[in-house]
1. What angle, in degrees between 0 and 90 and rounded to the nearest 10, separates the Cα long axis of helix 2-11 from the longest principal axis of the Cα atoms of the chain?
2. Listing 2, 19 from the residue with the fewest other Cβ atoms within 10 Å to the one with the most, what is the order?
3. Which of 56, 29, 66 moves most in a GNM of the chain, Cα contacts under 10 Å?
4. To the nearest 10 degrees, how steeply does helix 30-40 sit against the main Cα axis of the chain, on a 0 to 90 scale?
5. Per residue Cα convex hull volume for the chain, in cubic angstrom?
């Protein structure tokens, strides 16, 4: 599956690329927020977000925070 996703990214011609798994969806307004964020921050190359997990009826179960990359300045595990 991930090989196919990577091949799709390589073939893509858009300015903003995203990936949703088969049972995922964006909340209303999410894509407009992404567009606005990139317009206001053109120097940013990657945008990460958290997610909300629901059951089959749409009831909230939990949320998962997006992972934020940490710059490595030198050596494995070194942080600023």
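Quick note: the coordinates plus some simple rules give every number you see, no bench work behind them. Values in this document were obtained by computation on a predicted structure and should not be read as measured data. Reconstructed Cβ throughout: ideal geometry from the backbone, glycine too, with neighbour counts over all protein chains shown.
1. Here the helix axis deviates by roughly 70 degrees.
2. Arranged by neighbour count, lowest to highest, 2, 19 become 2, 19.
3. For the chain, modelled as a Gaussian network with Cα springs under 10 Å, the answer is 56.
4. 30 degrees
5. Convex hull of Cα atoms, per residue: 171 Å³.
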